[in-house]
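Here the structure comes first, spelled out in structure tokens, and everything after it is commentary.
The values are calculated or read from the model by the stated rules, or taken from the named source; none is laboratory data. Note that the structure is predicted; figures quoted are calculated from it, not measured. So basically every Cβ, Gly included, is an ideal-geometry build from the backbone, and we count neighbours across all protein chains shown. Heavy atoms of the whole protein, side chains included, go into the accessibility calculation; ligands, DNA and RNA do not. Shrake-Rupley method; radii C 1.70, N 1.55, O 1.52, S 1.80 Å.
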There are 4 protein chains.
Amino acid sequence: MCRLLAYIGKEVNLHALIYTPAHSIVKQSNQPREMRSGVVNADGFGVGWYKPEIEPAPAVFKSPMPIWSDLNLPSISRKITSPCVFVHVRGASAGMAIAQTNSHPFAKEKYLFMHNGVTENFRTAFMRVMRRQLLDEYYAGIEGTTDSEHVFALWLSNLHRENGKPGDMAECLLQTIDQMHTLAMQFNSQIVLNIALSDGETTLVTNFSTFPVAASLYFIENARAFPQAVLICSERLFDDPAWQPVPLNHYIRAGKDRQIECAPIKTSAPVRVAVAAPPALTEA
Amino acid sequence: MCRLLAYIGKEVNLHALIYTPAHSIVKQSNQPREMRSGVVNADGFGVGWYKPEIEPAPAVFKSPMPIWSDLNLPSISRKITSPCVFVHVRGASAGMAIAQTNSHPFAKEKYLFMHNGVTENFRTAFMRVMRRQLLDEYYAGIEGTTDSEHVFALWLSNLHRENGKPGDMAECLLQTIDQMHTLAMQFNSQIVLNIALSDGETTLVTNFSTFPVAASLYFIENARAFPQAVLICSERLFDDPAWQPVPLNHYIRAGKDRQIECAPIKTSAPVRVAVAAPPALTEA
Amino acid sequence: MCRLLAYIGKEVNLHALIYTPAHSIVKQSNQPREMRSGVVNADGFGVGWYKPEIEPAPAVFKSPMPIWSDLNLPSISRKITSPCVFVHVRGASAGMAIAQTNSHPFAKEKYLFMHNGVTENFRTAFMRVMRRQLLDEYYAGIEGTTDSEHVFALWLSNLHRENGKPGDMAECLLQTIDQMHTLAMQFNSQIVLNIALSDGETTLVTNFSTFPVAASLYFIENARAFPQAVLICSERLFDDPAWQPVPLNHYIRAGKDRQIECAPIKTSAPVRVAVAAPPALTEA
Amino acid sequence: MCRLLAYIGKEVNLHALIYTPAHSIVKQSNQPREMRSGVVNADGFGVGWYKPEIEPAPAVFKSPMPIWSDLNLPSISRKITSPCVFVHVRGASAGMAIAQTNSHPFAKEKYLFMHNGVTENFRTAFMRVMRRQLLDEYYAGIEGTTDSEHVFALWLSNLHRENGKPGDMAECLLQTIDQMHTLAMQFNSQIVLNIALSDGETTLVTNFSTFPVAASLYFIENARAFPQAVLICSERLFDDPAWQPVPLNHYIRAGKDRQIECAPIKTSAPVRVAVAAPPALTEA
């Protein structure tokens, strides 16, 4: 599995966000506490952030190395501030290629996307069917081999399916999850889709799983160390009773002005929950 | 463009093959003489070789770095010998990702494949149509984003189209080139397919182009420095009057016992040759 | 050799500085025009910049890969602005390790340092003697194996030789060059020291060589594309008659308010100039 | 800490040695069982091996990435056999650079060297004094920044201190450990020196520590899966009652004909053992 962290709110220093919390995302890469499978998240990392005063599209810095051994991030993060940040540390399974193009977050247009989860039988079953549903532009734009990047391309295709104005971010995300769930039933496969998605103004984070035990996901608002902001993270960054879990098969919507909504994820068929706990949630 | 080198014959030391010739493939990566476009071949490299006494499948060592700065190859190549070797140095265009998964040669089953050339409009036009023609196994097996790897997957699909015995290597290669040429006409795009393909026993190398000026390609047999062997290379490795160019739209077949054949590549429609010389053959 | 670029003046967007000039530093890495030796500068790169409103120490982003294939820099540079920037593309000789720790610029305290040049016989002659002259802190801080990093450590040791206040940046740089020249005479070796050094407020760039033909180095002030700034670069970034060469054995001092001084580099003994032009200025 | 594996005996296939044991060195990189500090060994790896029929010097393949994500080693190891093999997976501390030049094993002349352990205060205390004791050739040859490479250079200097014939491998190793122990007392620092050293004919492995609890180290002879060979490893590769621990402050000497000796490591002063268990044995 992977660990992810989304921040939205008041301008924050990236170094303070990534390195200083007691159980920082860097710690979570090396010594995670709530992993359902895997030991560490050492198969690459990435940071995405917005600078709206320059342009709407985000910046992305990614690497195939463990975040803890990167020499650039400790230096550059000190000099960067942003109101909307994504951080991801990857724990890939043995079969998935470790490559910069497979590190998260993925960026396209003004959107950032990252994923913690798994799609069982992705390459042998889902991939070909999913690609058929992609608009040419997003088909051609796929650079790596992860299920995650394909889910993002599917979302982008849903968003731009109608000519003219893009659709609603959240509606298209729910539609994408529904499509994935339909395929999962068809292929008799389990999926976990903890997805974070943003346009810099609004951040959506889902907690969706066909396993009875969800992947961990928490949020907090206006924490002492990070005032006037919302943090959503796979594991709690620091001790604070205000952290709340995102309920299974729900999603969070958070804006820059810190309004938060939590709503259920509805699928066209009832979520078919696996009987047993996940054996190896490590495909992403 | 790229530079490639194929060796077949008597067991050879890899270090002697890769580093010692006066105009070695390492030199060709840094100071090529016959490039139609680009300056150097610094966007990754790869070496593939056979050890038939161990198993039929080849070994592959690849990197996204320039061959001249690699610290492992000078050391390990000294201790490796093989009767059949592929070496490739990559010069990618600005738009193509530099990644280990995009370095050549590609290996699958007992086959090695590498490519010097270009497919104009590959991502926006060819890719989707080509993928439709792939058998599921080779569709799922694509790890990178190059036209080259897709051509290899198309060849593998042609080879295994009929259940049971695989088809003929050369026939399927000619079929693949014909399919690519048909698509090139359909998409009004130019292609260059200097392809090397081997199963360890027989090596095929094509010189195919819809441009009036072909990419350089030479072969030599039983050279003094490499007796009892056939060498096929984008540029001549050393001064020797015995080097011969592979004629445009022809291919070479060379076996371990050094029998060599050179035959024309026939396409179902006449090769539509571009009027002007290639402007930028650098997509591969 | 390498190519270097220093910018000081009005806040500049890093993407505009690095990618947009007609003969940008990225172009100079792939197709340099004024190299005395070597073909490309593909052995790593680095960018350093100041954000004085955050803290005096600079940020550094370095890589052992060619700048043209880096996927992070095009993205992150768009979102970064700075009043003082260093960019370096490295062309190392065959014997020198390609590693992130050997990429320039080097950063320590509030200083940035980069080097285009060579120290003949550095490892076998200079290194041991130079290290003896280092303060413990800078001795322990050396991370790589270049002559460049050792020259920086020597400068830092000169700067902090007296307890208390650091010495004068320029004086200590001239002292360092003098020490290197003395060693060069002692070891009968040629040196080229095109060094850029900054504390974010003042940038110094030297053009020092014991070869009769200096390495190329130019500066321009208040150029149309980069108003209210000074640019100093190994090759001219764009056509403009206002570019001026830095004379051999002179240095430039430029401040944020664009005052520029050009002064001769005096050494305790006359510079012993080599008779012939440099054969291979590629050790750095 | 790190994990290391040394093999000497009958020609072995590298893939069988590295990947197939139930608790293989690859498993030990991701899920070690007997680490005194650290979680994984993901900060680089290396493999060294001898091909005596080609030349006495070994081959080395190293990387700064986790061994489990390397795409080359699974392929090339299948085609390589050797009578003497070193494998190392590195777990570096936060402060030590992750770089290929810092991965083990180190090779020089006909020798391979690797280290599992720590030298407290290496950079601030030991390094400068150790370098003073090096012969020029080994001083100039240091490529990285680890204590390990410096210990190897010290051993090489001891070996070649007298002109003419090199000294005795084992004697010089004991001398090196004694020098390190003397410095450790002088600098009031703890050290752990689990060192493996070979010339392809004889392999020496030490278990030396000034901590009361040694780093784990085992050996086995003529195991069922690896007959006619000696294996020495930080953790037992498979279940077998024949594995024996190397006693603290002892070393093993094993030859190609599987003669094994185990002898105490004597130091000129009694080993000053730390009172408490090691807090963080992760500097190497």
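The Rg/Rh ratio for the stretch A:98-160 is 0.92, where Rg is the radius of gyration of the alpha carbons and Rh is the Kirkwood radius. In this view, the solvent-accessible surface of residue C:110, computed with a 1.4 Å probe and all protein chains in place, comes to about 80 Å².
Look at the stretch B:55-64: the mean tally of other chain Cβ atoms within 10 Å of its residues' Cβ atoms is 4. Cross-link partners of residue B:110 among lysines, defined as those whose alpha carbon lies under 27 angstrom from its own and excluding same-chain residues fewer than eight positions apart: B:10, B:51, B:62, B:79, B:165, B:256, B:266, D:51, D:62, D:79.
In loop segments of the stretch B:97-177 as defined by DSSP, the GluC sites (Glu not before Pro) with at most 14 further C-beta atoms inside 10 Å of their C-beta are B:109, B:162. Counting only heavy atoms of the protein chains and using a 1.4 Å probe, residue B:219 has close to 20 Å² of accessible surface.
Mean partner shielding of peptide A:144-155, defined as the number of other chain Cβ atoms within 10 Å of each residue Cβ, is 1. According to the square roots a ≥ b ≥ c of the eigenvalues of the Cα gyration tensor, what is the shape class of the protein assembly as shown, taking rounded for a/c under 1.5, prolate for a/b larger than b/c otherwise, and oblate for the remainder? The shape class here is rounded.
Give the distance, in whole Å, between the Cα centre of the stretch A:83-142 and the Cα centre of the stretch B:214-242. About 44 Å separates the Cα centre of the stretch A:83-142 from the one of the stretch B:214-242.
Place a point 7 Å from the Cα of residue A:171 along the Cα-to-Cβ direction; which residues of the stretch A:187-201 have their backbone N under 20 Å from it? Residues A:197-201 fall inside that zone. Classified by the C-alpha gyration tensor, chain A has a rounded form. Its axis ratio a/c, with a ≥ b ≥ c, is below 1.5.
List the residues whose amide H sits under 5 Å from the amide H of residue A:92, counting only those 5 or more places along or on another chain, with H placed 1.01 Å from N in the peptide plane. Long-range HN contacts for residue A:92: A:42, A:43.
Accessible surface ranking for C:68, C:155, 1.4 angstrom probe, highest first: C:68, C:155. Residue A:201: accessible area at probe 1.4 Å, nearest 10 Å²? Spelled out: residue A:201, probe radius 1.4 Å, area about 100 Å². Considering helices alone, the calculated mean residue ellipticity of chain A at 222 nm is -5500 deg cm²/dmol, with DSSP H runs of length four and up weighted by -39500 (n - 2.57) and normalised per residue. Using a 7 Å projection from Cα along Cα-to-Cβ, the label point at residue A:259 is separated from the same position in the remaining copies by 5.5, 7.9, 8.4 nm, smallest value first.
What value in Å³ per residue do you get for the convex hull of the alpha-carbon atoms in the stretch A:145-240? Show your work: numbers first, answer last.
On the way: hull volume 12.2 nm³, N = 96.
Normalising the Cα hull of the stretch A:145-240 by residue number yields 127 Å³.
Of the listed residues D:90, A:132, A:36, the order by accessible area with a 1.4 Å probe, largest first, is A:132, A:36, D:90.
Shielding by partners for peptide C:99-107, expressed as the average number of C-beta atoms from other protein chains within 10 Å of each residue's C-beta, is 3. For the stretch D:27-50 versus the stretch C:150-177, the spacing of their alpha-carbon centroids is 42 Å. Ranked from shortest, the separations from the 7 Å Cα-to-Cβ label point of residue A:132 to its equivalents in the other copies are 1.2, 7.6, 7.7 nm. Sorted largest first by accessible area at a 1.4 angstrom probe radius, with every protein chain in place, the residues A:124, A:202 fall in the order A:124, A:202. Please work out whether the stretch B:1-72 counts as rounded, prolate or oblate from its C-alpha gyration tensor, where a ≥ b ≥ c are the square roots of the eigenvalues and a/c under 1.5 means rounded, while otherwise a/b larger than b/c means prolate and anything else oblate? In terms of gyration-tensor shape, prolate.
Sorted shortest first, the distances from the residue A:212 label point to those of the same residue in the other copies are 4.7, 7.4, 8.7 nm; each point sits 7 Å from Cα along Cα-to-Cβ. Computed from backbone phi, the HN-Hα couplings of the stretch A:135-151 come to 5, 3, 4, 7, 4, 5, x, 5, 10, x, 10, 7, 4, 4, 5, 5, 5 Hz, rounded to whole numbers (Karplus: 6.51 cos²θ - 1.76 cosθ + 1.60, θ = phi - 60°; Gly and Pro given as x). Here each label is just a point 7 Å from Cα along the line to Cβ, and for residue C:266 and residue D:55 those points are 5.3 nm apart. Closest approach of a chain C Cβ to the axis relating C and D (residue, whole Å): C:99, 3.
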